[in-house]
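Undergrad: The structure is given below, and queries will be raised subsequently.
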Amino acid sequence: MATSTGSTLPHRAVANIKSPTGGGSGSPSTPPRGILSSFGSPSSLRAEEDLILIDFGSRKLQVGFAGDAVPRGSIWFGPDQQRRVGDFRIWQADYKNDWKKRASGRQWGRDYELWRPDVRELDLGLVADKVERAVRDAYTQYMLIDSRPRRMVCVLPSGLPLPLLSATLDALFSRFLPPTISLLSSPVAVAVGAGVRSALVVDLGWAETVVTSIYEYREVHTCRTVRAGRMLTEETHKLLASHLGQSQQNPDSDPEYILSFEECNEIASRLVWCKPSQRSSQIKPEDGLATVEEQDESETKSQQTPGENAKTTVPLRSYSPRTSLDLSYEELAKPCENTFFDSQYHMSSFDDHELPVHLLIYRSLRQLPLDVRAICMSRIIFTGGGANVLGLRRRIFDEVSHLIEQRGWDSVQGKAVDALQANPLLKKRATRQASNGPTGVESRPSVGEEHDGVWYDAVPNLPEVDPVEEQLKRGRDKTPQVQGVMRAVETVGAWSGASLITQVKAPAIATIDRDIWQQQGVAGASKPSDVDPKNQRQSLGAGGLIRGAAGASWTLGIWGAS
Amino acid sequence: MAPLTPYTYIQCPCSDVSPLSRSNDPNSPSTAGADDEERTFDPRAPRSNFSLYPLEYLLYCEDCHQIRCPRCVAEEIVTYYCPNCLFEVPSSNIKSEGNRCTRSCFQCPICIGPLSVASIDSQPDPNLLAAPDQAQSGTNILICSYCNWSSTEIGITFSKSNGIHAQLAKIRNGGAPRLTAKEHKEKRKEEAAQSRLAGASSPESEQNLDVETQFANLKSFYQGQLAESSSGGNGLSSLGDLGFASPNSLSRIMSIYTGGSLHDKRSRSRVGTMREALDSDEGLQLADLDESAAISKLQSEGYEATISTDQLTEQPPRLEDAHLHGRTRFTSELRPIPYLLRTKRSKRCPVCRHIISKPEAKVATTRFRIRLVAGSYIPTITIRPLNVPGGASPTSPPDALVPLQPAQFLLTFRNPIFETVKVTLATPSKTPGRFPSKVTVLCPQFEIDANTDVWDEALNKDDTDKDRRRRRGDENNNGGNGNGNGNGNGNGNQPEAGKIWERGRNWVSIVVEVVPASLRLDLLASTANLAGGEGIDAGPLREDEDILEIPMFVRVEWEVEGGGDEVGSAPGKDKEATEKRELAYWSVIGLGRVGQS
């Protein structure tokens, strides 16, 4: 390969550390490699050892063996999991009816969560206990393994608070005694599971919807909103409660929950759906005003096919007395509408933590550097429980496309922008197609529209040879990458993606040694930037060899950066 | 409300309640236990639920003299078996074929009842016998005898009545055939060979992959890329196998996301070495966002066509389908659930590695070869209300305790071991929680006679129960430990502080007096205000908050013959020195519900 010098250089650097005698020579094709393989792939020594992969979600835990296509099983958190052993009350006949004692007020549904992003009122010990019991259940129920210590890989959301991470690691290290725990970030695993190197991962999760931009397996931008599963369930409750309130002749808005979480959650997952974007069926709107959403509801109603007026009967068992409601599908789409879009409000009226999902995605894309944006927008991945709402993915996708169409990538909004958009020339550019060039060079013309003229002429004429660009060009496959168009990609999921990562034996973001953890705890972690990556990787790679090295700095990767 | 049967829970000393100071070695219960002594245990704290066990769930290590709970044992697997067909599964199959029964054992996806294979009555058509494939197709179905669900509801029939699992893996819902990952690979190989001959590209590049195939495609793609990128550099392509494993290529690919520190020239030079997947053969799958068909199905079929969350979680992982996303909610997407395999496990003490429980290896037997249950080493506690003669309500035992009115309970400690044990009890004077009840143990320290001489009792059978008890009590009193209850006049005795109520051969009853707290929330608020308490929780009564639970620290001391390895061994051999043993643990005694005035 032409880049032999380029690619062997780093090896030599690593080899220098390990065996100073081996790496000094200038010949690129000799010994270092051999030394490396004998030193640095301890994974082959343990190849037959099971590696346990745990994907932590807010509400469930997926556990399996690394290398499998799907997890062996998932454990859902719930109040029944937190009972004492030998407490069989869930089998009592009236157990489901007195849910109000168990979870009312702010506790509504909390028992179904492993943790919350807000750790202020959270009992970390309880989180550790829940993790322990869930993993133990998974061991006996699904994994069918004994309790010999095994190495573990944890897939964690990249925004996980440090106390939660610490509690989780504590629970795992102290009870299951794994020699090491490796951490992987779930958005990256999702991207790997889709077969792409860069992606915009939209995780429609439980507590939060997180939009993460991955570029070359690196998280480059993350933003989040509370519009997610929990809010959907609460909106469902609101919808049902309003209907029950009407039938009760009790119009005062009671903040108390009148239906159990289980029931609302079930209805949300069974019946709630998402209306398609009206724009997908309409002709492209010409008005281009952001406030166009105000007309949404009336328009959709007028457009309905007669089938959408159909009703369904929803039995409500947790309400006293038991009852059932006739709900139209129009109504059942409302929770989703309110949760993820809230389009009756103007876009500027949202706080930062509650941006509608489509706006969040749009903003997230807009904040990305140009090249990254072009790549990411053609690799949108929807994942998480919210993706199970029928029609939601399509709707978000359409809304984002519409926003892009409407506004381009100009962060400036307002009347002046409207005037600009009226200009047909600029409008055409805004809907550009993918550029053919495989590298970033050709995509440059699409920098902020106003500057097009300048850049377009300037770049191709530049005779300068950028060594980095050259390397990039040579290394890259000649097949053109799809970029610049909106495209959604399917993933096998975070767990399976992590399984792929471990399958190819790539090092994790951080690998924590049990001995070191128990000596130092979370306080011992260095910031990722303080840890020499070469050293770090060496100590990861060499596993047992360098494990005892005292004073070796270790890191919790992105989670430890505080 | 259902009356509550009094109960006892025991906290295994391995649990460390403190959230901050986790002991370094969780398996050394002695240190954790020492910590516990200084703290009052709150049985109502949410964490307590994870450490409390009924006595029957606890084991005991004879060598460490410690209670072992399910959290602090090391397990080993004796047998894997299917709970339905009781077929023993070799451990190698677990790895390769997963954790479910691969024969014909299925659970109903609706009601989790067992499914049985039934053949649909079809007229034996002599014409069709000529073509056996045709004749046999679709003659068998899976049917649930409880809820009458049958696999025809999801459009699946089987041609053979055995090996259902293998057949099911090849059928999609609706009856469409499906290729397994291996078959996909072979097919692709064939196609590649054909296209090489024909010089044409693969015809099926944009297909809908199911999860398993997508995973397999991605895997082979990544491995191919790794092999390429690592072998390309230094001409070691002959060592292709080393390619994946070598850190050289690994770090090149995945290390890129280790963080900003790698954002240097070196990592950039690596960027190009691996490309992304480009088509479905490499695992790239474009998302099919059009769910309008599913939506209209939802709208036409309604609530009844969807499945509950319980049914959804029971479903096995969906390997054989493309990504279903929201469509998993339909009953038409249900799959029969292959039975999860189960295991028989033997348990070892994590400290001394001695086996403390070992079941018989044969699946069908339920016997144990070794089982050291804690119930035969530590005293059992049974509770019953004490009807004090001449008391307030002797006739009917109340379902609920009356608030603010003293009630007395009889705790009976039964000693299972062959030594006399000395029991010391400690309870907080007020139970923790929002509604503190007053607790008084009238006799917190007593001795229980050894569990010896069953014959002794048998021989003394001529005595009446009362006589025996009194006699024992007298003996004990004369024995000089001062704890005996001497004033035995049958039923006429009064509970008295410092005296035990009754004693028998290996048991002692003591009296506990409780004054249940009032559960009225307004009182709670006012008392809290008087005490100057801030931030009192005046929320409504929570689940189980009306149950009067007493945390009780139990300390058991006994002496064994020195050198005797086993606690349970019969004493009597004259050894030189005796050894003192003690066991201390928290237990929780649930007495009953407090009535709400």
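Undergrad: In segment A:87-103, which residue that is assigned to a helix (DSSP H, G or I) and open to solvent by 80 Å² or more (accessible area, probe 1.4 Å) is modelled with the highest pLDDT?
TA: A:Trp91
Undergrad: Scan segment B:92-114 for residues that are of a type in the set (Ser, Thr, Tyr) and touching a residue at least 60 places away in the same chain (Cβ under 8 Å) and jot them down.
TA: Answer for segment B:92-114, where residues must be of a type in the set (Ser, Thr, Tyr) and touching a residue at least 60 places away in the same chain (Cβ under 8 Å): B:Thr102, B:Ser104.
Undergrad: Among the residues of segment A:143-151, is there at least one that is closer than 27 Å to A:Arg84 by Cβ, touching a Lys or Arg at 6+ places or on another chain (Cβ under 9 Å) and basic (Lys, Arg)?
TA: no
Undergrad: Please go through segment A:323-350 and pick out each residue that is farther than 15 Å from A:Leu239 by Cβ, over 24 Å from the mean Cα position of the chain (by Cα) and aromatic (Phe, Trp, Tyr).
TA: A:Tyr345
For every residue, the table says whether it meets (1) within 30 Å of A:Leu204 (Cβ to Cβ); (2) open to solvent by 10 Å² or more (accessible area, probe 1.4 Å); (3) at pLDDT 55 or above; (4) among the hydrophobic types (A, V, I, L, M, F, W, C).
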position	(1), (2), (3), (4)
A:Gly484	yes, yes, yes, no
A:Trp495	yes, no, yes, yes
A:Ala498	yes, no, yes, yes
A:Pro507	yes, yes, yes, no
A:Gly543	no, yes, no, no
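Undergrad: Would you be able to say whether some residue in segment A:156-164 is open to solvent by less than 10 Å² (accessible area, probe 1.4 Å) and among the small types (Gly, Ala, Ser)?
TA: No, there is no match, as no residue in segment A:156-164 is open to solvent by less than 10 Å² (accessible area, probe 1.4 Å) and among the small types (Gly, Ala, Ser).
Undergrad: Looking at A:Arg120, A:Arg106, A:Arg133, A:Arg84, which is the one that is open to solvent by 30 Å² or more (accessible area, probe 1.4 Å) and at the interface with chain B (Cβ under 7 Å from one of its Cβ atoms)?
TA: So the residue among A:Arg120, A:Arg106, A:Arg133, A:Arg84 that is open to solvent by 30 Å² or more (accessible area, probe 1.4 Å) and at the interface with chain B (Cβ under 7 Å from one of its Cβ atoms) is A:Arg133.
Undergrad: Within segment A:219-235, which residues are crowded, with 23+ Cβ neighbours inside 10 Å and either within 13 Å of chain B (Cβ to nearest Cβ) or touching a Lys or Arg at 6+ places or on another chain (Cβ under 7 Å) (or both)?
TA: Scanning segment A:219-235 gives A:Gly229, A:Leu232, A:Thr233.
Undergrad: Here's another thing I want to ask about it. Does segment B:356-374 contain any residue that is under 27 Å from B:Cys85 (Cα atoms), open to solvent by 20 Å² or more (accessible area, probe 1.4 Å), within 13 Å of chain A (Cβ to nearest Cβ) and among the aromatic types (Phe, Trp, Tyr)?
TA: No, segment B:356-374 has no match at all.
Residues are listed down the side, and each one gets a yes or a no for (1) within 9 Å of chain A (Cβ to nearest Cβ); (2) outside any loop (DSSP other than H, G, I, E, B); (3) modelled with pLDDT of 85 or more; (4) out of contact with any helix residue (DSSP H, G or I) (no Cβ under 7 Å at 6 or more places or on another chain):
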position: B:Tyr257; (1), (2), (3), (4): yes, yes, no, no
position: B:Arg270; (1), (2), (3), (4): yes, yes, no, no
position: B:Met274; (1), (2), (3), (4): yes, no, no, no
position: B:Leu278; (1), (2), (3), (4): yes, no, no, yes
position: B:Asp281; (1), (2), (3), (4): no, yes, no, no
position: B:Ser296; (1), (2), (3), (4): yes, yes, yes, no
position: B:Thr313; (1), (2), (3), (4): yes, yes, yes, yes
position: B:Ser332; (1), (2), (3), (4): no, yes, yes, no
position: B:Lys344; (1), (2), (3), (4): no, yes, yes, yes
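The values are calculated or read from the model by the stated rules, or taken from the named source; none is laboratory data. Every value quoted in this text rests on a predicted model; they were computed, and no experiment measured them. Cβ coordinates were reconstructed from backbone atoms using ideal geometry, including for glycine residues, and neighbour counts include every protein chain displayed. Heads up: the accessible areas ignore ligands, DNA and RNA and are worked out on the full protein's heavy atoms, side chains in. Shrake-Rupley method; radii C 1.70, N 1.55, O 1.52, S 1.80 Å.
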